[in-house]
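Peer 1: Mind looking over this structure? Questions follow.
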Amino acid sequence: MSRSVQVTLSGQNWVFEARAGETILEAAEWSGVILPSSCRTGACRTCMCLSTRGKVRYHVEWPGLSKEEKRDGYILPCVAEAETDLTLVVPAAQLQP
Ligand code: FES
């Protein structure tokens, strides 16, 4: 059985599972949640959001975040994998129709 953790969107109070090896963006889509995205490579910052709880690791070496943004809790869900349960603030998140 593969490891999975829970991602909570605090504003909407929606929760979805994220499995090892998948990005937070992919996990959201598998669960019917649409997060803002564009390039999906960690470059454009369209997906940038605040993580208020939990830990992520990146699938790319240089995600497009400054040291200060990382320190303040901002993440790029298109290239980040959840290592622990997470809480995210994504006001523009939507449910798939
Ligand atoms: S979608 Fe472009 S950085 Fe995440």
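Rule-based calculations on the coordinates, nothing more; no lab input. Treat the numbers as computed from the prediction; the structure is a model and nothing was measured. FYI the Cβ positions are ideal-geometry reconstructions off the backbone, even for glycines, and counts take in every protein chain you see.
Peer 1: From the list 73, 42, 54, which residue is closer than 19 Å to residue 5 by Cα and without any contact (Cβ under 8 Å) to a residue 40 or more places away in the chain? Break it down into steps so the answer makes sense when it comes.
Peer 2: Values: 42 fails: closer than 19 Å to residue 5 by Cα; 54 fails: without any contact (Cβ under 8 Å) to a residue 40 or more places away in the chain.
The conditions single out 73.
Peer 1: Tally up the residues in the range 10-33 that are out of contact with any helix residue (DSSP H, G or I) (no Cβ under 8 Å at 6 or more places or on another chain) and either assigned to a helix (DSSP H, G or I) or among the acidic types (Asp, Glu) (or both), please. Lay out the reasoning, then the answer.
Peer 2: Going through the range 10-33, the residues out of contact with any helix residue (DSSP H, G or I) (no Cβ under 8 Å at 6 or more places or on another chain) turn out to be 10-15, 20-21, 23-33.
When the remaining residues are screened for being either assigned to a helix (DSSP H, G or I) or among the acidic types (Asp, Glu) (or both), the result is 24-30.
Of the residues in that region, 7 qualify.
Peer 1: Those residues that are touching a strand residue (DSSP E or B) at 6+ places or on another chain (Cβ under 7 Å) and closer than 16 Å to residue 95 by Cβ, I need them from the range 25-54; list them, please.
Peer 2: Hits for the range 25-54 are 27, 28, 31, 32, 33, 34.
Peer 1: Would you point out the residue of the range 76-97, among those that are polar (S, T, N, Q) and within 22 Å of residue 3 (Cα to Cα), that is farthest from the chain's Cα centre (by Cα)? Lay out the reasoning, then the answer.
Peer 2: If we filter the range 76-97 for residues that are polar (S, T, N, Q), which is where we start, we get 84, 87, 94, 96.
Cutting the leftovers down to within 22 Å of residue 3 (Cα to Cα) gives us 84, 87.
Values: 84: 12, 87: 9 Å.
Of everything passing the filter in the range 76-97, 84 is farthest from the chain's Cα centre (by Cα).
Peer 1: Something else now. Go through the range 27-72 and count every residue that is crowded, with 18+ Cβ neighbours inside 10 Å and more than 8 Å from the ligand (Cβ to nearest atom).
Peer 2: Adding up the residues that qualify gives 9.
Peer 1: What single numbered condition from (1) assigned to a loop (DSSP other than H, G, I, E, B); (2) buried (at least 18 other Cβ atoms within 10 Å of the Cβ) fails to hold for residue 7?
Peer 2: Among (1) assigned to a loop (DSSP other than H, G, I, E, B); (2) buried (at least 18 other Cβ atoms within 10 Å of the Cβ), residue 7 violates only (1).
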